[in-house]
Structure formats: structure tokens, C-alpha cells
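The values are calculated or read from the model by the stated rules, or taken from the named source; none is laboratory data. Fair warning: this is a prediction, and the values are worked out from it, not measured in the lab. All Cβ positions, glycine included, derive from the backbone under ideal geometry; neighbour counts span all protein chains shown.
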Amino acid sequence: MIALRTQEEIEIMKKCNGIVAKVREGLKKIVGPGMTTLELDKEAEVLIYKSGAKPAFKGYRGFPKTICTSVNHEVVHGIPGKRRLQEGDIIGIDLGAIFQGYYGDTAVTLPVGKITDIAFRLLKITEEALYKGIQAAQPGGHLNDIGAAVQEHVEKAGYTVVREFVGHGIGQSLHEEPQVPNFGVRGTGVKLRAGMVLAIEPMVNEGKPDIRILEDGWTAVTADGKLSAHFEHSVAITENGPIILSELN
């Protein structure tokens, strides 16, 4: 079952996603060489609670922290810890919150100090692919229009999309139907309807699409050790097209 949200529900979700957007932007300001991923996690938790929300990830299926921090070749679900960021790293930060019974979810990959041109281009293309996917989320269209738009942009640039992890519906649970792949054939999949709320989140690898999971049971890394980037917005489909809920108001 794919939930169709009312205008009132979408307004609450906009508030919740406004909170995760503010936390995301707050973390952007403090990411830098020498900072540990655990320090970022603690700051995120403080900001979420200060906003009147609760962390969505902490305890979810046993995940131990408030945010996911994925550095360099780590794709998603990295666990914050004692690792110190270094000049030239890239770090993916994925965060979620619960507010008034609804979920918000967003992700961004950030440079740590000055990064290489190779890393900069990967971040640029991945973020562009996110917006291509969002633009394709039109009422009356099809679910796989989103993934096709992402895939076309990514592969044209010489990169690959991760297939093991996908976007998802979001609302009163963190992960709801439908799954939203970052690949696909236009004109296929369920019909998109006003009221659907989707977390669209391209995960893009510099090299091959293959991944593996580390011994911690969470952290996904590129199999070839090359860089990976991840961007995400929560998006409501309306009669007038997609609205990004997790943009900074």
C-alpha cells in the first residue's frame, strides 16, 4: 500500500523536514579537518532535540547513532566514531527526525577542506542527479521515471549508480512503500499520484557500482575502493508537481 498524504499531513512533514534541513545546514558549517564523526553525531542530536523532534535513526533496526557518516569510499550507513576527518576527505551525512508522528530524511555529501577536482566533480554530478530525479517526480508519470533520470545523468558523466540501496516512501514510518530505485526504464513502475511523499536519494560511485558491507554489519563501501557520494531530499508530489520538503525554508 502506498500512502497518499493529505495537505495537513504534508504540512506537518514540511515542518519535520524543515528541522532536518536546519540540522543539515548546521553540520555543514562545522565540518572540517580534525573533527571526529562522533562529534558531528553529538551536535546533530543536540540540534534535533532542541528543535522539538527526536532522532529517527538512533535505535532503528539497532543502528547505534543519530546520523550516518560515510567517508570517501563509504557509500552509506557509516557509524560515527573516533575517526578524525582529514583535509581532502568527502563525508556523506544522512540524518532523519521524527516530529508529531511523522518522519523527515535528508542527506548531503560535503567536502572536508580543499578536495580534488575528481571528488568535486563526483559531488556535483550526484547532487545534479538528485534534482533530475526530483524533476521527474510528476503526477501522472511513473515511478521509474525518477530512477531513469538519475541513471541517465550519472552514467553520461561516466559514473555508476548503486543498486543495492534505493530511495523510499516516507511518512509515519521512516521507510514506506514504494521503493525508489536510482535506475530504471521511463514509463514503467507504479503511477505517481498527488499525495505521495518520497525520499529520493542517489548513491553514486566513481568507479564500479559494486559494494560490500563491513564487519560492523552497517557500513557499505565501494568494492573497488573508489569514492562514493550520496544526496537526498524528501519530496511531496502535488497536482502542480514535486515540492522539496527538506529544503531550508
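Which of the residues that make up the stretch 118-150 are part of a loop (DSSP other than H, G, I, E, B) and out of contact with any strand residue (DSSP E or B) (no Cβ under 8 Å at 6 or more places or on another chain)?
A136
When you scan the stretch 182-194, do you find a residue that is out of contact with any Pro (no Cβ under 8 Å at 6 or more places or on another chain), within 28 Å of I98 (Cβ to Cβ) and not aliphatic (A, V, I, L, M), even just one?
no
Working carefully through the options G92, G101, G96, find the one that is under 14 Å from the mean Cα position of the chain (by Cα), more than 27 Å from I118 (Cα to Cα) and at pLDDT 95 or above.
Only one candidate qualifies: G96.
Return yes when K114 is assigned to a loop (DSSP other than H, G, I, E, B), closer than 23 Å to F57 by Cβ and either without any contact (Cβ under 8 Å) to a residue 12 or more places away in the chain or more than 20 Å from the chain's Cα centre (by Cα) (or both) and no when it is not.
no
Collect the residues in the stretch 40-66 that are surrounded by 16 or more Cβ atoms within 10 Å (Cβ to Cβ), out of contact with any Pro (no Cβ under 8 Å at 6 or more places or on another chain) and either free of Cβ contacts under 8 Å to residues at least 24 places away in the same chain or in a helix (DSSP H, G or I) (or both), keeping them in residue-number order.
Across the stretch 40-66, the qualifying residues are E43, L47.
How many residues does the stretch 69-88 hold that are without any contact (Cβ under 8 Å) to a residue 40 or more places away in the chain and either crowded, with 22+ Cβ neighbours inside 10 Å or among the acidic types (D, E) (or both)?
Adding up the residues that qualify gives 1.
Here is a check on your reading of the model: is G189 part of a loop (DSSP other than H, G, I, E, B), in contact with a His (Cβ under 8 Å, 6 or more places away or on another chain) and surrounded by 16 or more Cβ atoms within 10 Å (Cβ to Cβ)?
So G189 fits the description; yes.
Scan the stretch 1-12 and tell me whether some residue there is of a type outside the set (D, E) and modelled with pLDDT under 95.
yes
Of everything in the stretch 228-249 that's assigned to a loop (DSSP other than H, G, I, E, B) and in contact with a Gly (Cβ under 8 Å, 6 or more places away or on another chain), which residue is farthest from A129 (Cα to Cα)?
Step by step, filter the stretch 228-249, then rank; the result is N249.
For the stretch 164-200, give me each residue that is within 15 Å of A137 (Cα to Cα) and among the polar types (S, T, N, Q).
Of everything in the stretch 164-200, those that are within 15 Å of A137 (Cα to Cα) and among the polar types (S, T, N, Q) turn out to be Q179, N182, T188.
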